[in-house]
Amino acid sequence: MAPTFPSGEDALKRSPGAEVTLDVQHSAPPTATYITKDDQLGIMIACSSQPAFGVQVNMRILLPSGKIVQSVWNVQPIQTRTGQTFFYPLPEGFLLSAAVTTPFVNQPRSTFCELILYRGANLNNLQNQILCSGYPAGYQVLSWPLGVNTNSLDTVGNIRSIVGTTPGAGAEISETVPVGAQWFLLAIEFGLTASATVATRVPQVIFDDGTNIFAQVVSPVNVTASSSIGLAFAIGLNTGSNVLGVANNSIPNNLKLMPSWRIRTNTGSLQAADQYSSPKYVVEEWLLP
Amino acid sequence: MTHRFRCLACKGEYFDQQLDGAPYAHVCPPLRGDKKKPEQLRDDHRDENVKLDGRRRTIGIRSEGAGVKCLSDEKLAEPRWISALKMRIAKEDDDDDA
(Lines give C-alpha, C1' and ligand atoms only; values in the text may rest on other atoms or scores of the structure.)
Protein backbone atom coordinates (compact mmCIF):
# COMPACT_ATOMS: atom_id res chain seq x y z
CA MET A 1 0.00 0.00 0.00
CA ALA A 2 1.51 3.32 -1.01
CA PRO A 3 2.09 5.89 1.78
CA THR A 4 -0.11 8.98 1.93
CA PHE A 5 1.08 12.41 2.89
CA PRO A 6 -1.39 14.66 4.74
CA SER A 7 0.65 17.70 3.74
CA GLY A 8 0.55 16.55 0.13
CA GLU A 9 4.34 16.32 -0.07
CA ASP A 10 6.48 13.18 -0.34
CA ALA A 11 9.56 13.95 1.76
CA LEU A 12 11.62 11.30 0.03
CA LYS A 13 11.19 12.96 -3.36
CA ARG A 14 12.31 16.30 -1.98
CA SER A 15 15.40 14.80 -0.29
CA PRO A 16 16.73 11.90 -2.40
CA GLY A 17 20.30 12.21 -1.08
CA ALA A 18 22.37 13.68 1.70
CA GLU A 19 21.73 17.40 1.95
CA VAL A 20 23.27 17.83 5.40
CA THR A 21 27.01 18.33 5.80
CA LEU A 22 28.36 17.52 9.20
CA ASP A 23 30.52 20.16 10.79
CA VAL A 24 33.29 18.07 12.27
CA GLN A 25 35.44 21.06 13.24
CA HIS A 26 34.80 22.58 16.68
CA SER A 27 31.67 20.45 17.05
CA ALA A 28 30.22 18.76 20.10
CA PRO A 29 30.79 14.99 20.03
CA PRO A 30 27.75 13.00 18.90
CA THR A 31 28.45 10.34 21.53
CA ALA A 32 30.49 10.12 24.69
CA THR A 33 32.49 7.22 23.30
CA TYR A 34 35.55 8.51 21.52
CA ILE A 35 38.00 5.83 20.43
CA THR A 36 41.71 6.49 20.23
CA LYS A 37 44.43 4.46 18.59
CA ASP A 38 45.29 2.98 21.98
CA ASP A 39 41.83 1.47 22.34
CA GLN A 40 40.79 -2.01 21.28
CA LEU A 41 37.53 -3.81 20.88
CA GLY A 42 37.21 -6.96 22.99
CA ILE A 43 34.57 -9.51 22.01
CA MET A 44 34.00 -12.01 24.81
CA ILE A 45 31.96 -15.02 23.74
CA ALA A 46 30.91 -18.26 25.40
CA CYS A 47 28.82 -20.98 23.77
CA SER A 48 27.45 -24.29 25.03
CA SER A 49 27.27 -25.96 21.60
CA GLN A 50 30.06 -27.77 19.82
CA PRO A 51 31.02 -26.72 17.21
CA ALA A 52 30.23 -23.36 18.76
CA PHE A 53 27.86 -20.91 17.15
CA GLY A 54 29.63 -17.69 16.28
CA VAL A 55 28.44 -14.10 16.39
CA GLN A 56 28.67 -11.19 13.99
CA VAL A 57 29.60 -7.80 15.44
CA ASN A 58 28.71 -4.70 13.45
CA MET A 59 29.96 -1.20 14.28
CA ARG A 60 29.51 2.24 12.80
CA ILE A 61 32.31 4.69 13.51
CA LEU A 62 32.52 8.38 12.63
CA LEU A 63 36.08 9.09 11.54
CA PRO A 64 37.74 12.48 12.14
CA SER A 65 37.37 13.14 8.42
CA GLY A 66 33.60 13.08 8.80
CA LYS A 67 33.20 9.75 7.03
CA ILE A 68 31.12 7.06 8.66
CA VAL A 69 32.56 3.57 8.26
CA GLN A 70 30.99 0.19 8.88
CA SER A 71 33.09 -2.57 10.43
CA VAL A 72 32.06 -6.21 10.69
CA TRP A 73 33.71 -9.01 12.66
CA ASN A 74 32.70 -12.68 12.65
CA VAL A 75 33.85 -14.48 15.77
CA GLN A 76 33.57 -18.13 16.70
CA PRO A 77 34.83 -19.48 20.02
CA ILE A 78 36.68 -22.76 20.19
CA GLN A 79 36.09 -23.50 23.87
CA THR A 80 32.82 -24.88 25.21
CA ARG A 81 31.02 -22.66 27.73
CA THR A 82 34.25 -21.05 28.96
CA GLY A 83 34.46 -17.45 27.82
CA GLN A 84 37.06 -16.45 25.23
CA THR A 85 37.98 -12.85 24.41
CA PHE A 86 39.10 -11.80 20.95
CA PHE A 87 40.84 -8.43 20.50
CA TYR A 88 40.64 -6.16 17.47
CA PRO A 89 42.21 -2.74 16.87
CA LEU A 90 39.90 0.17 16.16
CA PRO A 91 40.27 3.34 14.11
CA GLU A 92 40.21 6.70 15.84
CA GLY A 93 36.80 8.29 15.90
CA PHE A 94 33.42 8.44 17.54
CA LEU A 95 31.60 5.16 18.06
CA LEU A 96 28.05 5.65 16.76
CA SER A 97 26.51 2.22 17.19
CA ALA A 98 27.31 -1.42 17.77
CA ALA A 99 25.26 -4.60 17.41
CA VAL A 100 25.79 -8.30 17.99
CA THR A 101 23.83 -10.87 16.03
CA THR A 102 23.99 -14.59 15.49
CA PRO A 103 23.75 -15.16 11.73
CA PHE A 104 23.10 -18.85 12.26
CA VAL A 105 20.01 -20.48 13.71
CA ASN A 106 20.95 -21.64 17.16
CA GLN A 107 19.46 -22.82 20.37
CA PRO A 108 18.22 -19.63 22.06
CA ARG A 109 20.46 -18.54 24.92
CA SER A 110 23.23 -20.98 24.11
CA THR A 111 25.65 -18.14 23.27
CA PHE A 112 26.60 -15.29 25.61
CA CYS A 113 28.50 -12.28 24.31
CA GLU A 114 29.99 -9.04 25.64
CA LEU A 115 31.44 -6.13 23.70
CA ILE A 116 34.07 -4.33 25.74
CA LEU A 117 36.29 -1.34 25.03
CA TYR A 118 39.81 -1.95 26.28
CA ARG A 119 42.72 0.41 26.52
CA GLY A 120 46.22 -0.89 26.04
CA ALA A 121 47.88 -4.02 24.66
CA ASN A 122 46.35 -7.46 25.17
CA LEU A 123 48.37 -8.49 28.21
CA ASN A 124 47.99 -5.21 30.04
CA ASN A 125 44.59 -4.15 28.85
CA LEU A 126 42.17 -2.19 30.96
CA GLN A 127 38.43 -2.66 30.59
CA ASN A 128 36.95 0.79 30.17
CA GLN A 129 33.41 0.24 29.03
CA ILE A 130 31.04 -2.62 28.40
CA LEU A 131 29.03 -1.62 25.37
CA CYS A 132 26.52 -4.45 25.42
CA SER A 133 26.13 -7.90 26.92
CA GLY A 134 23.59 -10.68 26.79
CA TYR A 135 22.43 -13.73 24.85
CA PRO A 136 21.97 -12.83 21.15
CA ALA A 137 19.79 -15.23 19.20
CA GLY A 138 18.16 -14.88 15.81
CA TYR A 139 16.13 -11.65 15.87
CA GLN A 140 17.17 -10.88 19.46
CA VAL A 141 20.04 -8.53 18.70
CA LEU A 142 22.32 -6.97 21.32
CA SER A 143 22.87 -3.31 20.59
CA TRP A 144 24.56 -0.13 21.81
CA PRO A 145 23.72 2.61 22.67
CA LEU A 146 20.08 1.57 22.70
CA GLY A 147 19.71 -1.87 24.19
CA VAL A 148 19.20 -3.76 27.41
CA ASN A 149 22.28 -5.33 28.92
CA THR A 150 22.08 -8.47 30.99
CA ASN A 151 24.73 -10.52 32.68
CA SER A 152 24.77 -14.24 32.02
CA LEU A 153 22.73 -15.13 35.11
CA ASP A 154 20.06 -12.48 35.66
CA THR A 155 17.85 -13.48 32.77
CA VAL A 156 15.84 -16.39 31.45
CA GLY A 157 18.09 -19.37 30.87
CA ASN A 158 18.38 -21.96 28.11
CA ILE A 159 15.89 -24.80 28.52
CA ARG A 160 17.70 -28.03 27.72
CA SER A 161 16.56 -31.63 27.52
CA ILE A 162 19.37 -34.04 28.39
CA VAL A 163 19.70 -37.80 28.19
CA GLY A 164 22.28 -38.90 30.73
CA THR A 165 24.45 -41.95 31.18
CA THR A 166 22.87 -45.39 31.44
CA PRO A 167 24.74 -46.73 34.46
CA GLY A 168 26.25 -50.18 34.57
CA ALA A 169 24.43 -52.98 36.36
CA GLY A 170 24.31 -52.39 40.09
CA ALA A 171 25.47 -48.78 39.71
CA GLU A 172 23.69 -45.58 40.62
CA ILE A 173 22.75 -42.73 38.32
CA SER A 174 25.08 -39.75 38.59
CA GLU A 175 24.89 -36.58 36.53
CA THR A 176 27.34 -33.70 37.03
CA VAL A 177 26.78 -30.05 36.21
CA PRO A 178 29.42 -29.23 33.53
CA VAL A 179 32.15 -26.64 33.84
CA GLY A 180 30.92 -23.20 32.86
CA ALA A 181 27.24 -23.87 33.51
CA GLN A 182 24.73 -23.20 36.23
CA TRP A 183 21.65 -25.45 36.25
CA PHE A 184 18.16 -25.35 37.64
CA LEU A 185 16.64 -28.83 37.54
CA LEU A 186 13.03 -28.77 36.37
CA ALA A 187 12.26 -32.49 36.02
CA ILE A 188 13.99 -35.86 35.91
CA GLU A 189 12.72 -39.29 34.98
CA PHE A 190 14.32 -42.72 35.09
CA GLY A 191 13.41 -46.35 35.56
CA LEU A 192 14.65 -49.08 37.86
CA THR A 193 14.44 -52.77 37.00
CA ALA A 194 15.09 -54.97 40.00
CA SER A 195 16.73 -58.36 39.67
CA ALA A 196 15.36 -61.57 41.18
CA THR A 197 17.42 -61.10 44.34
CA VAL A 198 15.04 -60.62 47.22
CA ALA A 199 15.45 -57.17 48.72
CA THR A 200 13.42 -54.00 49.10
CA ARG A 201 15.04 -51.26 47.06
CA VAL A 202 14.46 -47.74 48.30
CA PRO A 203 15.40 -45.22 45.58
CA GLN A 204 16.01 -41.59 46.29
CA VAL A 205 17.35 -38.62 44.36
CA ILE A 206 20.10 -36.67 46.08
CA PHE A 207 21.78 -33.37 45.33
CA ASP A 208 25.34 -32.72 46.45
CA ASP A 209 28.16 -30.27 45.84
CA GLY A 210 30.58 -33.05 44.93
CA THR A 211 31.13 -33.88 48.59
CA ASN A 212 28.24 -32.89 50.84
CA ILE A 213 24.64 -33.89 50.27
CA PHE A 214 22.30 -30.95 50.80
CA ALA A 215 18.96 -32.26 49.55
CA GLN A 216 17.33 -35.66 49.29
CA VAL A 217 14.00 -36.74 47.82
CA VAL A 218 12.79 -40.24 48.53
CA SER A 219 10.72 -42.28 46.11
CA PRO A 220 7.15 -42.71 47.36
CA VAL A 221 7.29 -46.42 46.57
CA ASN A 222 9.84 -49.15 47.12
CA VAL A 223 10.88 -51.65 44.47
CA THR A 224 10.74 -55.36 45.17
CA ALA A 225 12.48 -58.24 43.47
CA SER A 226 11.75 -58.91 39.79
CA SER A 227 9.74 -55.73 39.39
CA SER A 228 10.33 -52.46 37.62
CA ILE A 229 9.10 -48.94 38.07
CA GLY A 230 9.36 -45.54 36.42
CA LEU A 231 10.21 -42.67 38.75
CA ALA A 232 9.41 -39.08 37.87
CA PHE A 233 10.52 -36.12 39.96
CA ALA A 234 9.56 -32.58 39.04
CA ILE A 235 8.94 -29.21 40.63
CA GLY A 236 5.43 -28.93 42.01
CA LEU A 237 4.62 -32.57 41.34
CA ASN A 238 2.35 -34.21 43.86
CA THR A 239 3.58 -37.33 45.57
CA GLY A 240 2.05 -40.28 43.78
CA SER A 241 2.18 -44.01 44.31
CA ASN A 242 2.70 -46.65 41.67
CA VAL A 243 0.05 -45.84 39.10
CA LEU A 244 0.52 -47.47 35.70
CA GLY A 245 4.08 -48.32 36.68
CA VAL A 246 5.12 -44.73 37.51
CA ALA A 247 5.62 -43.04 40.87
CA ASN A 248 6.03 -39.29 41.37
CA ASN A 249 7.54 -36.94 43.86
CA SER A 250 8.40 -33.27 44.02
CA ILE A 251 11.92 -31.82 43.91
CA PRO A 252 13.09 -28.54 45.48
CA ASN A 253 12.05 -25.38 43.70
CA ASN A 254 14.62 -22.69 42.84
CA LEU A 255 17.57 -24.95 43.66
CA LYS A 256 20.44 -23.61 41.56
CA LEU A 257 23.25 -26.07 40.91
CA MET A 258 26.82 -24.91 40.34
CA PRO A 259 29.56 -26.54 38.21
CA SER A 260 30.64 -29.99 39.48
CA TRP A 261 27.58 -30.33 41.70
CA ARG A 262 25.69 -33.57 41.18
CA ILE A 263 22.22 -34.99 40.73
CA ARG A 264 22.27 -38.68 41.51
CA THR A 265 20.46 -41.62 42.99
CA ASN A 266 21.16 -43.36 46.25
CA THR A 267 19.28 -46.62 46.49
CA GLY A 268 18.89 -48.58 49.68
CA SER A 269 19.54 -52.32 49.11
CA LEU A 270 20.48 -51.89 45.44
CA GLN A 271 21.60 -55.28 44.17
CA ALA A 272 24.45 -56.08 41.78
CA ALA A 273 22.14 -57.08 38.91
CA ASP A 274 19.66 -54.23 39.31
CA GLN A 275 19.58 -51.85 36.36
CA TYR A 276 18.73 -48.17 36.17
CA SER A 277 17.73 -46.70 32.81
CA SER A 278 19.36 -43.55 31.49
CA PRO A 279 18.01 -40.45 33.25
CA LYS A 280 16.11 -38.01 31.08
CA TYR A 281 16.00 -34.55 32.56
CA VAL A 282 15.16 -30.96 31.75
CA VAL A 283 17.23 -28.11 33.11
CA GLU A 284 17.36 -24.38 32.73
CA GLU A 285 20.99 -23.55 32.00
CA TRP A 286 22.94 -20.32 32.31
CA LEU A 287 26.51 -19.87 31.12
CA LEU A 288 29.31 -18.92 33.52
CA PRO A 289 31.91 -17.56 31.09
CA MET B 1 26.07 -36.92 14.45
CA THR B 2 26.06 -38.40 17.91
CA HIS B 3 27.88 -41.58 18.87
CA ARG B 4 27.32 -43.97 21.75
CA PHE B 5 30.20 -44.74 24.06
CA ARG B 6 30.80 -47.16 26.90
CA CYS B 7 33.02 -46.10 29.77
CA LEU B 8 35.51 -48.89 30.47
CA ALA B 9 35.66 -47.93 34.14
CA CYS B 10 32.03 -47.84 35.27
CA LYS B 11 30.49 -49.56 32.20
CA GLY B 12 28.05 -46.69 31.80
CA GLU B 13 26.83 -45.93 28.29
CA TYR B 14 26.13 -42.47 26.93
CA PHE B 15 25.83 -40.32 23.82
CA ASP B 16 28.69 -37.87 23.28
CA GLN B 17 26.46 -35.02 22.13
CA GLN B 18 22.95 -33.95 22.98
CA LEU B 19 20.31 -33.11 20.37
CA ASP B 20 20.83 -29.38 20.96
CA GLY B 21 24.50 -29.69 19.99
CA ALA B 22 25.97 -29.39 23.46
CA PRO B 23 28.66 -31.97 24.20
CA TYR B 24 27.95 -34.40 27.03
CA ALA B 25 30.73 -34.83 29.58
CA HIS B 26 30.48 -38.25 31.22
CA VAL B 27 31.55 -38.58 34.85
CA CYS B 28 31.76 -41.99 36.54
CA PRO B 29 29.45 -42.35 39.55
CA PRO B 30 31.18 -42.90 42.88
CA LEU B 31 31.45 -46.40 44.30
CA ARG B 32 28.62 -47.15 46.71
CA GLY B 33 29.57 -46.89 50.33
CA ASP B 34 28.41 -49.01 53.25
CA LYS B 35 28.65 -49.02 57.02
CA LYS B 36 32.34 -49.85 56.91
CA LYS B 37 33.51 -47.33 54.37
CA PRO B 38 32.11 -44.20 52.79
CA GLU B 39 31.53 -43.52 49.12
CA GLN B 40 34.67 -43.02 47.15
CA LEU B 41 35.78 -42.45 43.59
CA ARG B 42 36.98 -45.38 41.54
CA ASP B 43 40.71 -45.71 40.97
CA ASP B 44 40.12 -45.50 37.20
CA HIS B 45 37.50 -42.78 37.52
CA ARG B 46 36.75 -40.93 34.27
CA ASP B 47 35.68 -37.28 34.23
CA GLU B 48 35.26 -35.68 30.80
CA ASN B 49 34.67 -32.17 32.14
CA VAL B 50 37.29 -29.75 30.88
CA LYS B 51 40.19 -28.76 33.10
CA LEU B 52 41.11 -25.07 33.15
CA ASP B 53 44.35 -23.36 34.09
CA GLY B 54 44.61 -20.17 36.13
CA ARG B 55 43.84 -18.08 33.03
CA ARG B 56 40.69 -20.15 32.31
CA ARG B 57 42.24 -21.77 29.26
CA THR B 58 41.26 -25.36 28.60
CA ILE B 59 44.21 -27.69 29.13
CA GLY B 60 42.49 -31.07 28.83
CA ILE B 61 39.81 -33.18 30.49
CA ARG B 62 39.92 -33.82 34.20
CA SER B 63 40.56 -37.57 34.15
CA GLU B 64 40.97 -40.08 31.31
CA GLY B 65 40.27 -43.00 33.62
CA ALA B 66 40.15 -46.41 31.95
CA GLY B 67 39.14 -44.90 28.61
CA VAL B 68 36.05 -45.46 26.51
CA LYS B 69 34.88 -47.65 23.66
CA CYS B 70 32.69 -46.35 20.87
CA LEU B 71 29.74 -48.69 20.30
CA SER B 72 28.51 -47.02 17.11
CA ASP B 73 31.81 -46.44 15.25
CA GLU B 74 34.80 -48.62 16.10
CA LYS B 75 37.16 -46.08 14.48
CA LEU B 76 36.49 -43.53 17.18
CA ALA B 77 38.78 -43.83 20.18
CA GLU B 78 36.96 -41.14 22.15
CA PRO B 79 34.25 -38.51 21.68
CA ARG B 80 35.16 -36.26 18.78
CA TRP B 81 34.79 -33.07 20.80
CA ILE B 82 37.52 -34.38 23.12
CA SER B 83 39.80 -35.26 20.20
CA ALA B 84 39.26 -31.78 18.73
CA LEU B 85 40.02 -30.27 22.12
CA LYS B 86 43.32 -32.14 22.40
CA MET B 87 44.35 -31.17 18.86
CA ARG B 88 43.66 -27.54 19.59
CA ILE B 89 45.62 -27.65 22.85
CA ALA B 90 48.58 -29.26 21.07
CA LYS B 91 48.45 -26.58 18.38
CA GLU B 92 48.33 -23.79 20.96
CA ASP B 93 51.30 -25.32 22.76
CA ASP B 94 53.23 -25.40 19.48
CA ASP B 95 52.33 -21.77 18.81
CA ASP B 96 53.47 -20.82 22.31
CA ASP B 97 56.78 -22.64 21.84
CA ALA B 98 57.29 -20.96 18.50
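The values are calculated or read from the model by the stated rules, or taken from the named source; none is laboratory data. Being a predicted model, the structure only gives us computed values, none of them experimental. Using ideal geometry, Cβ is built from the backbone for each residue, glycine included, and neighbour counts are taken over all protein chains shown. What goes into the accessible areas is simple: the full protein's heavy atoms, side chains included, and nothing from ligands, DNA or RNA. Shrake-Rupley method; radii C 1.70, N 1.55, O 1.52, S 1.80 Å.
Summary table below
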read-out	value
Rounded FRET efficiency, nearest 0.05, which uses the C-beta distance separating B:L19 from A:S241 and R0 of 30 Å	0.40
Exposure rank, largest accessible area first [A:R109, A:R81, A:R119, B:R55; 1.4 Å]	B:R55, A:R119, A:R109, A:R81
For the range A:237-251, Karplus couplings with θ = phi - 60° (6.51, -1.76, 1.60), whole Hz, Gly/Pro x	7, 6, 5, x, 7, 6, 10, 6, x, 10, 10, 10, 7, 8, 10
Sites excluded, GluC sites (Glu not before Pro) in DSSP loops with at most 10 other C-beta within 10 Å, longest stretch of chain A	A:20-289
The range A:247-287: trypsin sites (Lys or Arg not before Pro) in DSSP coil with no more than 12 other Cβ atoms inside 10 Å	none
Label-point separation, B:D94 to B:D44 (7 Å along Cα→Cβ), nm	3.2
Percent of beta bridges antiparallel (DSSP, the protein assembly as shown, rounded to nearest 5)	95
Label-point separation in nm, A:T36 to A:Y88, each point 7 Å along Cα→Cβ	2.3
Accessible area in the full protein assembly, largest first, 1.4 Å probe, for B:D53, B:D47, A:D154	A:D154, B:D53, B:D47
Between the range A:174-201 and the range B:24-63, the Cα center-to-center distance that results, in Å	17
Solvent exposure ordering (accessible area, 1.4 Å, most first) of A:S260, A:S152	A:S260, A:S152
Other protein chain Cβ atoms within 10 Å, averaged over every residue that makes up B:8-15	5
Label point distance in nm, A:T193-A:V282, each placed 7 Å from Cα along Cα→Cβ	2.7
Loop chymotrypsin sites (Phe, Trp or Tyr not before Pro), the range A:66-119 (other Cβ atoms within 10 Å of the site Cβ: 14 or fewer; DSSP)	A:F104
A:L186 - accessible surface, heavy atoms, 1.4 Å probe, Å² rounded to 10	50
All lysines inside 30 Å of B:K51 as judged from Cα atoms, apart from same-chain residues fewer than 8 positions distant	A:K256, A:K280, B:K11, B:K37, B:K69, B:K75, B:K86, B:K91
Helix-derived mean residue ellipticity, 222 nm - over the protein assembly as shown, DSSP H n ≥ 4, -39500 (n - 2.57), to 500	-1500 deg cm²/dmol
Length released on extending from A:N74 to A:L146, taking residue separation times 0.36 nm less the Cα-Cα span	23.8 nm
Per DSSP, loop GluC sites (Glu not before Pro) in the range B:1-68 with at most 16 further Cβ within 10 Å	B:E39, B:E64
